[in-house]
Each structure stands twice: as C-alpha cells, then as structure tokens.
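S.K.: Structure incoming, see below.
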Amino acid sequence: MKDLSRRALDTAASRGASYADVRAIEVAREDIQVKNGEVGGMDLSDSAGLGVRVLVQGAWGFAATDDLTQNGADRCAGEAVAIARASASLEHEPVRLAPEPAHRAVWASTCAIDPFQVPLEKKLDLLFRIDAEMRSVRGVKNAESFLAFQRKKQHFLSTEGSDIEQTMTRSGGGFAATAVSDEDVQRRSFPQAEGFHQALGYEFIEATPYVQNARRIAEESVALLTAEQCPAGERDIILEGSQLALQIHESVGHPTELDRVLGYEANFAGTSFVTLDKWQSGNFKYGSDKVTIFADKVQPHTLGAVGYDDEGVKTQRWDLIKDGVLVNYQAIRDQAHILGLKASQGCCYADNWANVQFQRMANVSLAPGKDKQTAAEMIKNVENGIYIIGDGSFSIDQQRYNAQFGGQLFYEIKGGKIVGQLKDVAYQIRTPDFWNSLDMIGGKKSYEMGASFFDGKGQPGQVNAVSHGCVPSRFRNVNVINTGRKS
C-alpha cells in the first residue's frame, strides 16, 4: 500500500498536479445485534483502497480505487488529474491552501484489548445477558442490544513531504427497552439513544456496566407508561450529559462549520444562521457569559481525536464561543484565508478511501464553569422546572436557528424538589436565545462525554464520529410543549 501510494503521488505530479495527497486506507468493522432473545444481525466487513486528491491550475480533483496494483494506482492518479483539469477549465477562484509543515509521524489511539480478537461467543454472551435482564421486566415488549467496533489504518502522503501513519480503533455498544401498554409506547436506552462509543479497544466494553443497568433501564421504560402528561408553558430546564451533548451537536457544532456558513452544504445539509458578519462584528452574543464552547481533535479517547487530519494537519484545540461571544468557526486548509488564519484548524476528514476529505465537525464541547454545581444542587435552585435526562428526538431548521428537542426521562421540579415524573416532553428554542438563557453550569467534577457515531454530511453521504463534553446546565424560561396529547 505504501509503495502504491508513492507511485500514485509521483504519477499525479508527473501529469501536472501542483499539489497531491494520497490516503491508503484499510477499514475493518464488526456489528453485532441481539433482539428479543435472538441474534438480530452480525456483520464483519473490511475494505482497502487508495484516495487521490490533486490540485491542477487551482482546481481540485479526486479519484479512488480498490485496484491495488501499479496500473490501478496510475489510473487513479490520472483520473484525479483529469477531473481537476476539467474543473479548472471553468471560471472559478483558485484554491488557496494554508501553509502546513511536512510531518513524518506515527500515531495510534489507545487500544489495550483488540476487539477483533475477542471471541464472538464472548460478545454474544454479553448481549444475551443484557437482553435477558431487560425482558425479565414485565411490560417490556421489545429489547435490543448491540456492539460495534471499527479499526481504520491510514497512511497519508503528500507532495509537500508529509508521511503519516495512523491507526484509529473505536469500540462501543448500547441497548434499548421498549414498553407497551394499550394506550402508549415508551422507549428508554443506555448509555445514549445510539449507544456510546470511544476511541478505545474492548477494554471500554468491559468497563461499561451494561448488564448492571439493563433492568433499571427496562423499568424506567415501563414507568414512563404511567407518568403524568407534561403541562405546556415556560419552564426552567436542567439538561444532563447525553441530552446536552445532542444540543451542542445540533445547535453549535453544525452551525459553526465554515462550509455551511459559506453555503457549500446548502443543497443537502443546509446553511447556518452564524453568518460571517456576526463573527466579524466581534460581539455576537451566541450565549450567556457562562458559555464557553471549544472544538478539538485531541482529547484522549474521544471519537474525533487523531494526531493529524486527512490533509496532514496536526490537530489542535480552539474556542468557538468564548464567554458567550462567537470567536471562531471550524475551518480547513482551503478555507483558512477566509478567516485570516495562518493555518488550518485540522478538521478535514473522509470516512473511507472511496470518499474525498472535506470539512467535518471536530469534537465540540461545553467547558465546565465556575459554578461547580451538580444537577442535584441545581434542582434545589429551580422553583418551576423540568430535569431532562437522555437524548431523544429533535427537529431543527436548515440554518440551525429554530429547533425542537425531546429527551427520554423527565422529572417535574417544584420549589427546589422533584415532585413526579412526566412524559411526552419537548422544548422549543431559537438557538442564540436558548444559549443566552443558560445561567447555571456545572464544574469539572460533573464533566462527562457524549457522542455521535453516525453524523451524516455530504453528497455522496459520509459518516463522521465525534464526541461532546458537557456539564449539567440550567436554562431559564424555555418553552415546553406536550407531544403526546391527542386533540
């Protein structure tokens, strides 16, 4: 693969590319599901190929191949150059790449136990034990559990001299119980709606208390059937980890992607209300002064962590919102000059060898505050509110401005105490109004990680995996609605 990468790089340069990079990638995946006492699905797949990206006369070209021969590498590089040359024949602004020094490096995520070497029988035994615990609870009609593993080995070469080898291993899993009555259906999941993943090996699975929580989660799904209906109106809300992670992802992560701001993603994923003039003003209040949200590709074990992005840029951490003020976006090499940056922020990524790398969300996290309060302590300071646990459904407009979010568990708060359980709760927001209503935030001890393993973007569609650090937070006077009442 390395020799073929060098050949493709040399071929691209000899045919007129002013810049070229090659990603040689091997990807392995394993997905296992158990549903209602039976194996619901098993999939073990792997693929390998080359992705070649070139600049010719200031225009991009890309091609990919799984023909891992010298002729295949030559054809792929030649096709990329031909595509770039055809693009250059059209009127366009030439691509401007921010400078990046050549890197020669080897990087790997932490993996103490290779998940692909763990026997299938051991994995199925875990899932069947989870399944049995959930189905032992009366009222549970559907039990689903899964494990998922991914390994990506990548070798990056560029005509600028970079030579980078990286190995990313990700492991995760989760389960969900669905309870059914004559009048209602309720679902509860663990650890999040899509499970939870980290950049670790099978040791992460062994350290996660799946079986220990299975009965509790199933009981919570059943309890939701008889919970009180949510009264509509303005309430204070407290969001815990996984729900706040979803909130960050949708209302901060996506709208600060610079390609959305510039309209490059308008056709498929939408644009952004966070237009350049807001950043240029230097005083756009995205949130209250307690809100500092940062992007990074470096936090250990997070899904977005790599040593170098898919343009060979060394990854970093940077603020998007500082003390409530919009201060930056997420940008890559050919966008950096738009923001006056001297270098890329290192958030260019492709999900495999067959797809071109482009701007993707980094890890986006809410920094802990000075309040240092836990969710339990915040509840004592709420007169009339709802405590929301677990990520649920959401709907958000193409500019990420107007939205509605659900959740999984909802507890009514009166006079600083939880007085009962609610169901069918959703809250409606305008993004900047919502973040400006944050007036109480947890400290470092309450910091936890949420994640999205299936973040889609692009045409053809690509999948990205990112993590979101967050702390419990209180938001004032939020419009709460009931989603279950029938007229």
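S.K.: Calculated FRET efficiency, K445 and Q212, Cβ-Cβ r, R0 22 Å, to nearest 0.05?
M.R.: The computed FRET efficiency comes out at 0.50.
S.K.: Could you give the radius of gyration (one decimal) and Dmax (whole number) of the Cα atoms in the range 2-226, in Å?
M.R.: When restricted to the Cα atoms of the range 2-226, Rg and Dmax are 24.0, 71 Å.
S.K.: Here is a further query. How much of the pair distance distribution for the range 163-221 lies past 16 Å, counting alpha-carbon pairs only, in percent? Don't jump to the answer; show the numbers that get you there.
M.R.: Working: 922 of 1711 pairs.
When every Cα pair of the range 163-221 is considered, 54 percent fall beyond 16 Å.
S.K.: Could you list the trypsin sites (Lys or Arg not before Pro) in the range 374-414 that lie in coil according to DSSP, counting only those with at most 16 other Cβ atoms within 10 Å of their Cβ?
M.R.: Values: sites: K380, R400, K414; in loops: K380, R400.
Those that pass, being in a loop and sparsely packed, are K380.
S.K.: Now for a separate question. Which cross-chain or sequence-distant (5 or more) residues have an amide H under 5 Å from the amide H of A193, H modelled 1.01 Å from N in plane?
M.R.: Close amide H contacts, sequence-distant or interchain: D391.
S.K.: Still on this structure, I have one more. From the alpha carbon gyration tensor of the range 123-236, can you work out the equivalent ellipsoid semi-axes (sqrt of 5 times each eigenvalue) and give them in Å, largest to smallest?
M.R.: So the equivalent ellipsoid measures 38, 20, 10 Å along its semi-axes.
S.K.: If the reach is capped at under 20 angstrom between alpha carbons, list the lysines near K417, excluding any in the same chain fewer than eight residues apart.
M.R.: K372, K380
S.K.: Each residue of the range 446-458 in order: what ³J(HN,Hα) in whole Hz does its phi give by Karplus 6.51 cos²θ - 1.76 cosθ + 1.60, θ = phi - 60°, with x for Gly and Pro?
M.R.: Values, residue by residue: 9, 5, 9, 10, x, 7, 10, 9, 9, 7, x, 6, x Hz.
S.K.: Over all pairs of distinct alpha carbons, what does the Kirkwood formula give as the hydrodynamic radius of the range 425-487, in Å?
M.R.: Taking the inverse mean of 1/r over all distinct Cα pairs, the range 425-487 comes out at 14.8 Å.
S.K.: Identify all lysines with a Cα-Cα distance to K123 below 20 Å; exclude those on the same chain that are fewer than 8 residues away in sequence.
M.R.: K35
S.K.: Given R₀ = 60 Å, FRET efficiency for K417-D114 by Cβ-Cβ distance, to 0.05?
M.R.: The pair K417/D114 has a calculated efficiency of 0.80.
S.K.: Quick one: Karplus J couplings for the range 201-218, per residue in order, coefficients 6.51, -1.76, 1.60, θ = phi - 60°, nearest Hz, x for Gly and Pro?
M.R.: In residue order, the calculated couplings are x, 5, 4, 5, 5, 5, 8, 9, x, 5, 4, 5, 9, 5, 5, 4, 4, 5 Hz.
S.K.: I've got another one for you. Which value in nm describes the separation of the simple spin-label points at A82 and L44, placed 7 Å from the Cα toward the beta carbon?
M.R.: 3.9
S.K.: Something else now. For V463, enumerate residues with amide H under 5 Å from its amide H, sequence gap 5+ or separate chain, H modeled in the peptide plane.
M.R.: D351
S.K.: Considering the convex hull of the alpha carbon atoms of the chain, report its projected area averaged over all viewing directions, in nm², one decimal.
M.R.: 23.7
S.K.: Now for a separate question. Would you give the gap between the C-alpha center of the range 151-215 and the C-alpha center of the range 1-80, rounded to a whole Å?
M.R.: First find each Cα centre; the distance between them is then 25 Å.
S.K.: Can you list the residues, at least 5 places off or on another chain, whose amide H is less than 5 Å from the amide H of Q421, using H built in the peptide plane?
M.R.: E228, E412
S.K.: Roughly what % antiparallel, to the nearest 5, for the DSSP beta bridges in the chain? Present the calculation step by step, with values, prior to reporting the outcome.
M.R.: Working: 118 of 131 bridges.
Roughly 90 percent of the beta bridges in the chain run antiparallel, per DSSP.
S.K.: Further question: Which log10 I(q)/I(0) values, to two decimals, does the range 229-482 give at q = 0.13, 0.17 Å⁻¹ under the Debye formula with one point per Cα?
M.R.: Here the Debye-derived log intensity ratios amount to -0.78, -1.28.
S.K.: While we're on this one: Rounded to whole Hz and in sequence order, give me ³J(HN,Hα) for the range 413-423 from the Karplus expression 6.51 cos²θ - 1.76 cosθ + 1.60, θ = phi - 60°, writing x for Gly and Pro.
M.R.: Rounded to whole hertz, the list is 10, 9, x, x, 9, 6, 10, x, 9, 10, 9.
Here, each number is a calculation from the coordinates, and none is a lab measurement. All of these numbers come straight from a predicted model, not from anything done at the bench. Cβ atoms come from the backbone with ideal geometry, glycine included; neighbour counts cover every protein chain shown.
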